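Reviewing the structure listed below.
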Amino acid sequence: MDRRKFLATTAFGAAALAVPLRVAAQAAPDLRTRRVLDIARDQVARAGDVLWRRDIAGIADFGLHSASPRLHIANLEAGTVRSLLVSHGSGSDPEHDGWLNDFSNLDGSWATSRGAYVSWEWYEGRYGTSMRLEGLDESNANAFPRAIVMHAASYATPSHVERWGRLGRSNGCFAIGPEEFSTALYQLGGGKLLFADRLGIGEDGTDVAIPPQAPVDFNAAIAQRQGELLQDEAELGLDDTAIEGASGPTALP
């Protein structure tokens with residue numbers, strides 16, 4: 001081999017060897033990303049064959065204030081995490097201070113439920129296109145009959161945070177701002193995992209100090225709400241039969 005060919009071959013070989021070195025030199029995921037990805041992998045594995053897709057999972061960290069992006073969309077194949085704003089239920093935050101006090105699975109609690117969910121089909125509802133969810137744990141087994149879904153809402157936007165310092169509250173659904181909802185719907189739909197818990201993982205990956213939260217008496221809250229509804233019905237002069245069969249503009253919301 002002459003000198004010219006030798007130099008060319010050597011240069012090519014050096015370049016080839018440099019490629020994995022450049023890859024190895026890339027920055028590793030930050031601590032928060034690693035923690036979210038680890039939780040997503042564990043929960044996907046725990047859910048097992050009930051999931052149709054296992055490449056992407058949603059992790060809702062209700063240990064963070066509602067003004068923080070706390071719905072983490074974890075791409076387990078790419079090793080990346082994208083975070084969005086998401087609302088919690090009004091029953092879980094009766095003071096409306098942006099912190100979740102507690103979870104509940106009770107019908108009528110208007111609370112967020114802890115646990116793993118699998119995403120179902122899309123449908124058109126009160127908030128437009130929405131996505132049904134099925135609870136996979138005892139702690140959220142009533143999600144489907146409670147109509148706990150993922151939907152868009154104007155009270156779950158950065159502009160709402162700028163004005164009020166917190167998001168608005170849902171009736172237990174995962175509400176996302178309209179600008180981000182289509183992306184979330186596409187990435188988390190079709191039989192993927194959504195997991196909700198009070199994790200408290202801060203932006204730097206360390207644990208967030210959650211302010212003390214008063215426990216919620218969900219049974220008392222439900223009873224009070226039902227009493228108020230009965231009072232409203234009485235004031236409207238409607239009996240139970242009329243309310244149950246009401247439709248159109250005369251139906252109660």
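Where a number appears in this text, it was derived from the coordinates with a stated rule and is not lab data. This is a predicted model, so every value here is computed, not measured. Don't worry about glycine lacking a Cβ; one is built from the backbone with ideal geometry, like all the others, and counts go over all protein chains shown.
Okay, here's what the table says:
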item: ³J(HN,Hα) computed for each position of the range 105-120 - Karplus, 6.51 cos²θ - 1.76 cosθ + 1.60, integer Hz, glycine/proline x; result: 10, 6, 5, x, 7, 6, 10, 6, 10, 7, x, 9, 10, 10, 7, 10
item: The range 34-90: relative contact order in percent, alpha carbon pairs under 8 Å with at least 6 residues between; result: 32 percent
item: The range 31-214, relative contact order [Cα under 8 Å, separation at least 6], %; result: 29 percent
item: 15 Å beta-carbon shell around Ala74, net charge (K/R +1, D/E -1); result: +3
item: Cleavage-rule hits (chymotrypsin sites (Phe, Trp or Tyr not before Pro)) in the range 36-117: DSSP loop, at most 13 neighbouring Cβ within 10 angstrom; result: Trp52
item: Amide hydrogen neighbours beyond the local backbone of Asn101, cut-off 5 Å, H modeled; result: Asp93
item: Peptides ranked, highest mean first, by Cβ atoms within 10 Å: ranges 151-161, 72-82, 172-182; result: 172-182, 151-161, 72-82
item: Convex hull per residue volume in Å³, alpha carbons only, for the range 31-214; result: 106 Å³
item: Amide hydrogen neighbours beyond the local backbone of Arg53, cut-off 5 Å, H modeled; result: Lys192
item: Cβ-placed point charges (K, R +1; D, E -1), dipole of the range 136-191 about Cα centre in debye, nearest 20; result: 220 debye
item: Karplus (6.51, -1.76, 1.60) ³J(HN,Hα), θ = phi - 60°, over the range 68-84, in Hz, Gly and Pro reported as x; result: 9, x, 10, 9, 8, 8, 9, 8, 6, 7, 8, x, 10, 9, 10, 10, 10
item: Qualifying trypsin sites (Lys or Arg not before Pro) in the range 120-151, DSSP loop, other Cβ atoms within 10 Å at most 16; result: Arg126
item: Cut-off under 5 Å, modelled amide H: who pairs with Gly89 long-range; result: Thr112, Ser170, Gly172
item: Rounded to whole Hz, the Karplus (6.51, -1.76, 1.60) HN-Hα couplings of the range 37-47, x for glycine and proline; result: 4, 5, 5, 4, 4, 4, 6, 5, 5, 5, 5
